[in-house]
1. Hey, among the residues in region 22-52 that are under 18 Å from Asp98 (Cα atoms) and among the hydroxyl-bearing types (Ser, Thr, Tyr), which one's farthest from the chain's Cα centre (by Cα)?
2. Count, please, the residues in region 141-171 that happen to be closer than 19 Å to Ala82 by Cβ and at pLDDT 80 or above.
3. Taking Thr84 and the conditions (1) within 21 Å of Glu35 (Cβ to Cβ); (2) free of Cβ contacts under 8 Å to residues at least 40 places away in the same chain; (3) open to solvent by 50 Å² or more (accessible area, probe 1.4 Å), which numbered condition does it fall short on, given that it satisfies the others?
4. Any idea which of (1) among the aliphatic types (A, V, I, L, M); (2) within 14 Å of Ser26 (Cβ to Cβ); (3) at pLDDT below 95 is the one Ala68 doesn't satisfy?
5. Look at region 87-108 and say how many of its residues are surrounded by fewer than 21 Cβ atoms within 10 Å (Cβ to Cβ) and over 23 Å from Glu29 (Cβ atoms).
6. With the structure loaded, tell me whether Thr105 is more than 20 Å from Ser47 (Cβ to Cβ), in contact (Cβ under 8 Å) with a residue 40 or more places away in the chain and of a type in the set (S, T, N, Q) or whether it fails that test.
7. Across region 20-53, which residue is most open to solvent (accessible area, probe 1.4 Å) among those that are more than 19 Å from Ala95 (Cβ to Cβ) and part of a strand (DSSP E or B)?
8. With respect to the numbered conditions (1) at pLDDT below 95; (2) at positive phi, which one is the sole condition not fulfilled by Asp15?
Amino acid sequence: GVDVAVPTYVFFGNDATGVAASDATSTIEDQGHLEGYGNGMTLLSLSGAQNTVNVAGELVATGASAIALDASAPSADRISVAQTGIVTGDMLVTAGADHVTIDGTVNGDLTLGAEARLDGTGAIYGMVSGEGVLAPGDTAATTASAITLSRYEADGGTLDINVFGDRSIAT
């Protein structure tokens, strides 16, 4: 038996898009599932000037060259994966001043564009690459925090590290 209804959307299709959002807020609630199956498919595609994506449940893209989240349109998107959130599949954040916060888990690669910024305290089990800024940890914290990455390849990107405590150098 099922005691609680779990919101689920499942998409099947090769070389197609499951959900397209333009200037919208998309929320996958805790225990919610957005799943896509197909070769070359994109599960969630963002366009327009600004989108907000909040993942507290699961976003899962399965298939050869499948993309879980495509934020490659020029924009200022805000993408957040909460502590309970899991993204399985690649994420493209390659154009515009997008801000990505990963406090949950990403099982896939994340590609950053030149103006994109990635921070958070979660884990990315894949490669983070591109020209954007990687700022590990909670940027609003007053104590040190970190993000876990399997691999980081900055292709002209910036690693921005916060230093806490005494910043003076003894000579």
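The values are calculated or read from the model by the stated rules, or taken from the named source; none is laboratory data. Only a predicted model underlies this, so the values are computations on that prediction, with no experimental measurement involved. Positions of Cβ are generated from backbone atoms using ideal geometry, with glycine treated the same way; all protein chains shown enter the neighbour counts. Heavy atoms of the whole protein, side chains included, go into the accessibility calculation; ligands, DNA and RNA do not. Shrake-Rupley method; radii C 1.70, N 1.55, O 1.52, S 1.80 Å.
1. Ser22
2. Applying the first criterion (closer than 19 Å to Ala82 by Cβ) to region 141-171 yields 141, 145-149.
Retained after the next criterion (residues that are at pLDDT 80 or above): 145-149.
Total meeting the criteria: 5.
3. Thr84 satisfies all of (1) within 21 Å of Glu35 (Cβ to Cβ); (2) free of Cβ contacts under 8 Å to residues at least 40 places away in the same chain; (3) open to solvent by 50 Å² or more (accessible area, probe 1.4 Å) except (2).
4. Condition (3) is where Ala68 drops out.
5. Residues that pass the stated criteria total 4.
6. no
7. Looking at residues that are more than 19 Å from Ala95 (Cβ to Cβ) and part of a strand (DSSP E or B), I get Thr25.
8. Here Asp15 meets the rest and fails (1).
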